[in-house]
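A quick write-up on the structure given underneath.
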Amino acid sequence: MAGFTFYKPQHGLNEFIEAYWELRSDSASEFSDSLLPDGCVDLIINAGERFAVPSENVILEHGKVYIGGVMTHAVHTPIPLECRLIGVRFKPGCLSNFQQHDSLHLFKDGCTEMSKKLMPDLKQLDQDIINGFDTFYAKILKPTNHRLSLVLQYIYGSHGTADVRSIAAQNFTTERQLERDFRQYVGLSPKQFSNIIRFQYANRMLENRLVKQSLLSLALNLGYCDHAHFSKEFKKYAGSAPSMG
């Protein structure tokens, strides 16, 4: 088996956790993969050999746990032989439901070593990765009631096209407070996060061949200034220019 495998959480955890995942390589050959921004934060344990992402100056040592901060650009990384990473992808703003943390803005675009107490024992995951994670995170779940959940719903509902002023007004808060909350719990500014959600929507439309007109029409409908603006933003997040092919 080579590449990513994703697993859906159970027992109500899917409200907070996007997926559990495992990245493996076999002993036949190395390959590479691209990681795209999605607004999520990951906890990662390296259960294989030393793993390096040269472009990001990141090294994951065997047996250690890391927080993978929210990404702001595409990352293309080689996957070495004997690779095995196991991770939990938390939905935007949801890590605080399981663990108090410093401002996630501090972890943006990087991997920082964390306590092993944030992950179940590797032996449990080897036996049953879904049950191992479900049992562990169900026990430490302490739902928080910070105001971001409705704000995030609003941004998703607008496909990332709403401006920060209207986001704040619709959610009865100030732009300054919104900025503080996003830096703390998401790791990005509201504008940065919205731009990623807008890119994700555009990418889904193109991947599923749902664009009926032109790239320019898609760009203008999503609030980009013109085709050049759309192409530049898209390439930053996807690593390649948008295409209807």
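Every number here is computed from the coordinates shown, using simple stated rules; none is lab data. Just so it is clear, the structure is predicted and the values come from calculations on it, not from any experiment. Neighbour counts run over all protein chains shown; Cβ positions are idealised from the backbone, glycine included.
Quick look at the numbers
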{"quantity": "Cut-off 12 Å between beta-carbons: net charge of the residues surrounding R50, Lys and Arg +1, Asp and Glu -1", "calculated": "-1"}
{"quantity": "FRET efficiency for F6 and H229, using Cβ-Cβ distance with R0 set to 45 Å, rounded to 0.05", "calculated": "0.90"}
{"quantity": "Neighbour net charge for K64 - beta-carbon separation under 11 angstrom, K R +1, D E -1", "calculated": "0"}
{"quantity": "Rounded, prolate or oblate (a/c below 1.5 giving rounded, otherwise prolate when a/b exceeds b/c) for the range 148-238 by Cα gyration tensor", "calculated": "prolate"}
{"quantity": "Longest site-free stretch - the chain; sites: GluC sites (Glu not before Pro), DSSP loop, at most 16 other Cβ within 10 Å", "calculated": "83-245"}
{"quantity": "Neighbourhood charge, 14 Å Cβ-Cβ cut-off, centred on E113 and excluding it, Lys, Arg +1 and Asp, Glu -1", "calculated": "+1"}
{"quantity": "Exposure proxy ranking, count of Cβ atoms within 10 Å, fewest first, for Y66, Y20", "calculated": "Y20, Y66"}
{"quantity": "Calculated over the range 111-162: convex hull of Cα atoms, volume per residue (Å³)", "calculated": "156 Å³"}
{"quantity": "Nearest 10 degrees, 0 to 90: helix 148-157 Cα axis against the chain principal axis", "calculated": "60 degrees"}
{"quantity": "Equivalent ellipsoid dimensions for the chain as semi-axes, Å, which come from the Cα gyration tensor, largest first", "calculated": "30, 24, 16"}
{"quantity": "Entries of K64/K191; K117/K236; K91/K139; K8/K117; K8/K108; K191/K232 with Cα pairs more than 28 Å apart", "calculated": "K64/K191; K117/K236"}
{"quantity": "Radius of gyration and Dmax over the Cα atoms of the range 1-123, both given in Å", "calculated": "13.9, 41"}
{"quantity": "Sequence of Y201, Y185 once ranked by neighbouring C-beta atoms within 10 Å, starting from the fewest", "calculated": "Y201, Y185"}
